[in-house]
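Structure first, commentary second.
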Amino acid sequence: MQTLPTTLFGFIWHFLKQQRAAFIGIQLFALAWSLDNTVWPIGIKLLIDSILAYDGGNVWIYLMPVLFFWGGLWITIEIMFRLQGFMLAKTMPRLEANLRMAMFRYVQGHSYTYFANHFAGNISNRISDMTQSVARLLQITMAVFIPALVALIIATTIFFIIDMMFAVLLFGWVILHLGVCFAFANKCSALSKVHATSRSFLTGKIVDAFTNIINVKLFARQRYEYAYAGEYQKDERDKQYSAFLILEKIKIILGILSFIFPGILLTWYLIYSWQQGSITVGDLVLIFNTNWNIMTIVWLVGAELPNFFKEVGICQQALTLIQVKHEIVDPVNAKTLLVKKGDIHFDAVNFHYTKTHQVFKNINLHVKAGTKVGLVGFSGSGKSTFVNLILRFFEVESGHIRIDGTDITQVSLESLRNQIAMIPQDPTLFHRTIMDNIRYGNIDASDEAVFTAAKQAHCHEFIHQLPEHYQALVGERGIKLSGGQRQRIAIARAILKNAPVLILDEATSSLDSITEKHIQDGLHHLMQDKTTIVIAHRLSTLAEMDRILVFDQGHIIEDGTHQQLLQQQGHYAKMWHMQAGGFLPDHG
């Protein structure tokens with residue numbers, strides 16, 4: 001898994017250096033703005049001094065050097081601006097794409113628990129924020145801040161050549177100006193980061209309301225959700241106000257400094273020097289013009305400061321996505337798991353979610369290759385945790401889980417999960433076509449293979465009743481389809497994957513009795529020569545299992561076939577007789 005720098009500067013530089021030459025070129029061409037505001041007044045000085053010194057003759061020949069200077073400067077600046085624009089058009093989209101995909105790849109590496117604890121809308125919003133804000137930061141820095149700094153250096157040099165005092169006044173003002181900006185930089189960035197965090201939470205709440213819109217409609221809670229989101233909106237608004245307020249205070253200080261130094265002191269000394277005859281009229285116009293150009297530049301810099309600090313805060317808040325280390329990672333030199341048999345061993349496995357919530361303690365178990373094993377127990381007994389540990393959604397505290405003798409912590413997560421097909425109780429689908437959703441089990445499968453899997457899962461029939469057949473979009477999380485239809489597509493997806501280890505989490509619970517019978521036939525075919533683990537709440541579906549494990553509070557308290565467990569008159573038999581409507585109650 002690719003690692004990314006966790007500091008903002010390091011993170012941005014990581015992507016800048018991938019197009020280093022292009023960005024250097026963009027920065028050089030961006031200095032056209034600096035030349036436009038500092039070198040152009042030199043042409044005005046030359047023109048005025050030439051006019052004052054003119055004593056007759058062909059004026060156009062006399063002024064030709066100045067006109068050539070103006071024309072050459074104009075063409076140079078125009079070419080630089082256009083080249084900068086063309087390079088930006090090519091470079092910035094590539095930068096944003098590289099940045100977005102790198103963050104997407106990194107965030108995907110987080111564990112299932114991470115996504116269970118974070119809003120999907122919040123995560124996607126941060127990735128989008130980072131992409132856009134880095135681009136804006138670069139544009140502000142490269143197109144405004146750096147050209148402004150270069151313009152100040154050029155202007156100070158010109159002033160120094162004319163009279164050192166002009167340079168001292170300008171340089172002193174710049175130092176005070178930058179000092180104020182840096183003094184408040186951390187405060188501005190911190191407030192912007194707080195605002196960005198608040199805005200991400202607000203976005204997450206809004207996305208959550210839309211994701212659960214069926215509940216909002218069923219319980220008539222539109223007003224409640226509006227008020228609920230309104231609380232987060234008020235918090236976001238208050239934090240945005242604080243971030244903007246500090247920036248306006250900075251602008252007041254900068255405005256006072258600008259009025260005193262370039263506005264009063266430098267203008268007074270300019271007029272005084274002209275009166276004393278130490279500078280020409282051309283010098284006076286040059287300094288006056290350049291002075292106000294610099295003040296305009298600094299004003300634009302001040303106007304961009306709120307945006308700059310805002311984007312820094314947004315970036316720092318979005319950067320937390322990659323500052324969180326991956327909880328479950330591949331070991332160094334991870335092996336590729338290739339399951340040939342499907343033998344599963346639990347060797348002294350201990351696991352707990354929290355210090356006070358231990359699920360498994362010293363579990364030892366051998367699931368023979370090719371056997372069908374049912375898992376039963378009341379809710380919270382450890383059934384789902386059992387299969388989640390096999391999938392490495394969580395790490396065991398101690399002990400080992402081995403498949404075909406290979407410790408699953410020593411293989412890559414991708415190869416492990418490629419060898420396991422799981423059909424969850426409540427499957428979710430991508431907002432893509434039905435063809436794409438089924439083919440997700442084997443992205444290289446042909447259309448014919450997809451059709452075959454769909455027929456085995458008995459979803460081919462209802463798919464052909466849809467206007468667009470296999471090209472029909474299923475909606476977010478498959479909302480356009482019924483629960484039974486989603487489950488049949490999930491079964492078709494697992495059939496297409498054809499993995500040696502199969503896990504079923506009450507895979508037929510959303511099906512009607514007629515369809516279930518057909519699906520059971522398809523699943524029976526799917527289970528052949530595979531190690532199959534079935535979590536069941538309807539115990540009648542386990543009658544033909546080779547083995548049934550009975551879980552209770554993290555312990556396997558019974559182990560045997562359906563008939564053996566009934567004869568024991570133990571926990572399983574009790575659950576069997578407790579069933580109402582064929583389903584197991586939540587607790588005993």
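The values are calculated or read from the model by the stated rules, or taken from the named source; none is laboratory data. Just so we're clear, the structure is a prediction, and the values are computed from it rather than from any experiment. Ideal geometry is used to build each Cβ from the backbone, glycine not excepted, and the neighbour counts take in all protein chains shown. What goes into the accessible areas is simple: the full protein's heavy atoms, side chains included, and nothing from ligands, DNA or RNA. Shrake-Rupley method; radii C 1.70, N 1.55, O 1.52, S 1.80 Å.
Against the conditions (1) farther than 21 Å from residue 473 by Cα; (2) outside any loop (DSSP other than H, G, I, E, B); (3) open to solvent by 70 Å² or more (accessible area, probe 1.4 Å), where does residue 415 fall short? Just the number, please.
Condition (3) is where residue 415 drops out.
Would you mind telling me which numbered condition in (1) out of contact with any Leu (no Cβ under 9 Å at 6 or more places or on another chain); (2) within 29 Å of residue 543 (Cβ to Cβ); (3) open to solvent by less than 80 Å² (accessible area, probe 1.4 Å); (4) not β-branched (Val, Ile, Thr) residue 386 fails?
(1)
Going by the conditions given, is residue 216 open to solvent by less than 60 Å² (accessible area, probe 1.4 Å), more than 30 Å from residue 161 (Cα to Cα) and not polar (S, T, N, Q)?
yes
Might you check whether a residue that is modelled with pLDDT of 85 or more and either acidic (Asp, Glu) or farther than 30 Å from residue 409 by Cβ (or both) occurs anywhere in the stretch 317-324?
Looking for residues that are modelled with pLDDT of 85 or more and either acidic (Asp, Glu) or farther than 30 Å from residue 409 by Cβ (or both), one finds at least one in the stretch 317-324, hence yes.
Applying the selection to the stretch 316-365, what residues are open to solvent by 90 Å² or more (accessible area, probe 1.4 Å) and not in a strand (DSSP E or B)?
325, 332, 333, 336, 338, 340, 341, 355, 356
Right, residue 140: open to solvent by 10 Å² or more (accessible area, probe 1.4 Å), touching a residue at least 60 places away in the same chain (Cβ under 8 Å) and over 20 Å from residue 327 (Cα atoms) or not?
Answer is yes for this residue.
If you scan the stretch 402-412, which residues turn out to be aliphatic (A, V, I, L, M) and either touching a Ser or Thr at 6+ places or on another chain (Cβ under 8 Å) or surrounded by fewer than 17 Cβ atoms within 10 Å (Cβ to Cβ) (or both)?
Selection gives 411 alone.
Restrict the check to the stretch 53-75 and report whether at least one residue is closer than 30 Å to residue 211 by Cβ, open to solvent by 20 Å² or more (accessible area, probe 1.4 Å) and not in a helix (DSSP H, G or I).
No, the conditions are met nowhere in the stretch 53-75.
Of all residues being part of a loop (DSSP other than H, G, I, E, B) and at pLDDT 85 or above in the stretch 472-505, which is most open to solvent (accessible area, probe 1.4 Å)? Just the residue, please.
498
Can you confirm whether residue 522 is over 34 Å from the mean Cα position of the chain (by Cα), open to solvent by less than 20 Å² (accessible area, probe 1.4 Å) and at pLDDT below 80?
The answer is yes for residue 522.
Looking at the stretch 182-198 only, could you name the residues that are open to solvent by 60 Å² or more (accessible area, probe 1.4 Å) and either in contact with an Asp or Glu (Cβ under 9 Å, 6 or more places away or on another chain) or without any contact (Cβ under 8 Å) to a residue 12 or more places away in the chain (or both)?
Within the stretch 182-198, 182, 183, 186 meet the criteria.
Within the stretch 300-308, is there a residue that is in contact (Cβ under 8 Å) with a residue 24 or more places away in the chain, in a helix (DSSP H, G or I), closer than 30 Å to residue 126 by Cβ and touching a His at 6+ places or on another chain (Cβ under 9 Å)?
Yes, the stretch 300-308 contains at least one residue that is in contact (Cβ under 8 Å) with a residue 24 or more places away in the chain, in a helix (DSSP H, G or I), closer than 30 Å to residue 126 by Cβ and touching a His at 6+ places or on another chain (Cβ under 9 Å).
Could you say which residue among 24, 51 is modelled with pLDDT of 85 or more, among the β-branched types (Val, Ile, Thr) and farther than 15 Å from residue 290 by Cβ?
24
Could you check the stretch 422-471 and list, in sequence order, the residues that are of a type in the set (A, V, I, L, M) and open to solvent by 60 Å² or more (accessible area, probe 1.4 Å)?
422, 443
Please go through the stretch 225-248 and pick out each residue that is at pLDDT 85 or above and open to solvent by 80 Å² or more (accessible area, probe 1.4 Å).
Within the stretch 225-248, 226, 228, 231, 233, 234, 237, 241 meet the criteria.
Per-residue answers, yes or no, for (1) more than 27 Å from residue 484 (Cα to Cα); (2) in contact with a strand residue (DSSP E or B) (Cβ under 6 Å, 6 or more places away or on another chain); (3) among the hydroxyl-bearing types (Ser, Thr, Tyr):
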position	(1), (2), (3)
369	yes, yes, no
374	no, yes, no
384	no, no, yes
436	no, no, no
439	no, no, no
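I'm trying to understand the selection: among the residues of the stretch 219-231, which are over 24 Å from the mean Cα position of the chain (by Cα) and part of a helix (DSSP H, G or I)?
Hits for the stretch 219-231 are 222, 223, 224, 225, 226, 227, 228, 230, 231.
Could you check the stretch 36-59 and list, in sequence order, the residues that are over 15 Å from residue 282 (Cβ atoms) and free of Cβ contacts under 8 Å to residues at least 60 places away in the same chain?
36, 55, 56, 57, 58, 59
Do we have residue 402 as assigned to a loop (DSSP other than H, G, I, E, B) and more than 30 Å from residue 574 (Cβ to Cβ) here?
Here the answer is no, as residue 402 does not meet what is asked.
Give me the residue from the stretch 525-540 that is under 39 Å from the mean Cα position of the chain (by Cα) and in a helix (DSSP H, G or I) and, out of that set, modelled with the highest pLDDT.
527
Scan the stretch 296-306 for residues that are surrounded by fewer than 17 Cβ atoms within 10 Å (Cβ to Cβ) and of a type outside the set (Ser, Thr, Tyr) and jot them down.
Residues satisfying the conditions are 299, 300, 303.
Just checking, how many residues over the stretch 112-134 are within 15 Å of the chain's Cα centre (by Cα), surrounded by fewer than 18 Cβ atoms within 10 Å (Cβ to Cβ) and either hydroxyl-bearing (Ser, Thr, Tyr) or assigned to a helix (DSSP H, G or I) (or both)?
Looking only at that region, the number is 6.
Out of 207, 216, 281, 285, report the one residue that is over 25 Å from the mean Cα position of the chain (by Cα) and under 30 Å from residue 476 (Cβ atoms).
216 is the lone residue from the list that is over 25 Å from the mean Cα position of the chain (by Cα) and under 30 Å from residue 476 (Cβ atoms).
Taking interchain pairs and intrachain pairs at least six residues apart, which have beta carbon atoms under 6 angstrom, with the first residue in the stretch 16-32 and within 14 Å of residue 151 (Cβ to Cβ) and the second open to solvent by 50 Å² or more (accessible area, probe 1.4 Å)?
Taking only residues 6 or more apart or on different chains, the pairs are 32/81.
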